[in-house]
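A short worksheet on the structure shown next.
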Amino acid sequence: MLAKKGGQSPILFCGNGGGKGLSAPACEAALGDMDFGGKLVDRKIIHIDMDAFYASVEERDNPTLKGKPVIVGGQPEKRGVVATANYVARKFGVHSAMPTVTALRHCPQAILITPRMDVYRSVSEEIMGILRRYAQAVEPLSLDEAYLDVSGSSLCSGSATQIARAIKADIAKTTRLTASAGVSYNKFLAKTASGMNKPDGLTVIPPTEGASFVQQLPIGKFYGIGKATEAKMRQLGVITGADLLKFSARELTFYFGSIGSWYAMLARGEDPREVVISRERKSQGCEMTFAQDVTDRDFMLKVLYEQVHATILKLEKKQLCAKSMTIKIKYDNFKQITRTKSFSEPLNLTAALEQVEILFDKADNHGKAVRLLGVTLSHIQKQSDAKQPELWRED
Ligand SMILES: [Mg+2]
């Protein structure tokens, strides 16, 4: 049965019994079976994102933490950063990637917990296992986030909203943790939606509302638009999606390079990316924050060599190889740069060691004090596939 657009609200908030918005039947109808002339809007994509994942696991495993500000992250004296803060701590202005020392200045009473990655990883496996019961196409983005394509699903009478609701309930029952879900017709909108009503949210952006939703969206909330691009957008007078829409793809390419055409698509509420089924991670790497800032080139190169070596070994153990390398350098003023290079052939250890030095010199540090160095290898593939042409592309 075709669903008719009902209310005036551009977005349907479906609370989890918390009275956050429209009733379940209205939500169910929203992404029932809509026909938009075979365009990409007839897909049904769900984005699932666990709420304050690491911190929530800690709260679950230690009930005395309930109601208290919790920070999961590295030690301040080792210049650690916040991996996740719970919602109580966030009220004090603590957020992830903030240096722990700053976080504790914002919220001195916070309880600091060292990450237990093994535990988070095993909870993640449980969650991904649940997701795979609801869709064949599941694309994990990290331990606590994934896209699902449920376009052809017959579950829940084909209602993506009801599938999302069922997934949330299943996750809650199995792990005693809450997830937020976004439901829409592409990845960009589904991901944006899941972030809108956290925690324990369920937000639907139906095809009829995608374009108008995007128009009112602040430019900083667009997928892939970071602080620097946001500032540049503001200089061009772009504050919301409606402003972005005034620019053609050509103009945006002129201002932002090849990514400009992507922005033009987003401005129209479009995102053609498929949900890529993949159990393998897309990148592997490591990084290190120094206890004291470093300026010595030889020392930094030694650290990078070790990181490259360790990363290649990890990949080789899984019979994987990589065709891109990224180095990350964070300076003492917290400014961070990355340099990436892609190769036509997978990197072996010798080539990777050569290339990391080239990338490092490209960064042109000129004796600047460095607080963090990292290496990531991406465009990962199976060694056995390495000879075959590449059929997929990284986001
Ligand atoms: Mg999350």
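FYI, it's all coordinate maths here, none of it is from the lab. Just so you know, these numbers come straight off a predicted model, no measurement behind them. Please note: Cβ atoms are built from the backbone with ideal geometry, for glycine as well, and neighbour counts cover all protein chains shown.
Structure summary
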quantity: Spacing of the two label points (7 Å from each Cα toward its C-beta) at Arg273 and Glu357, in nm; calculated: 3.5
quantity: Acute angle (nearest 10 degrees) that the helix 160-175 long axis makes with the longest principal axis of the chain, alpha-carbon atoms; calculated: 60
quantity: Global form of segment 230-336, assessed from the alpha-carbon gyration tensor, a/c cut-off 1.5; calculated: oblate
quantity: Fewest-first sequence of Asp61, Asp271 by Cβ atoms within 10 Å of each Cβ; calculated: Asp61, Asp271
quantity: The chain, helix-only ellipticity at 222 nm - DSSP H runs n ≥ 4, -39,500 (n - 2.57), divided by all residues, nearest 500; calculated: -10500 deg cm²/dmol
quantity: Within a Gaussian network of the chain (alpha carbon springs, distance under 10 Å), most fluctuating of Asp200, Asp49, Asp298; calculated: Asp298
quantity: Per-selection Rg to Rh, the chain - Cα, Kirkwood hydrodynamic radius; calculated: 0.97
quantity: Cα-Cα over 23 Å, subset of Lys191/Lys328; Lys191/Lys227; Lys68/Lys91; Lys187/Lys335; Lys302/Lys362; calculated: Lys191/Lys328; Lys187/Lys335
quantity: Restricting segment 288-394 to GluC sites (Glu not before Pro) in coil, as DSSP defines it, with at most 13 other Cβ within 10 Å; calculated: Glu390, Glu394
quantity: Listed residues Leu104, Leu313, Leu112, most fluctuating in the chain (Gaussian network, C-alpha, under 10 Å); calculated: Leu313
quantity: Neighbour cut-off at most 12 other Cβ (10 Å), DSSP loop, trypsin sites (Lys or Arg not before Pro), segment 83-130; calculated: Lys91
quantity: Across Lys317/Lys341; Lys198/Lys323; Lys282/Lys314, pairs whose alpha-carbon gap is larger than 25 Å; calculated: Lys198/Lys323
quantity: Semi-axes of the equivalent ellipsoid for segment 110-152, Cα gyration tensor, largest first, Å; calculated: 27, 10, 7
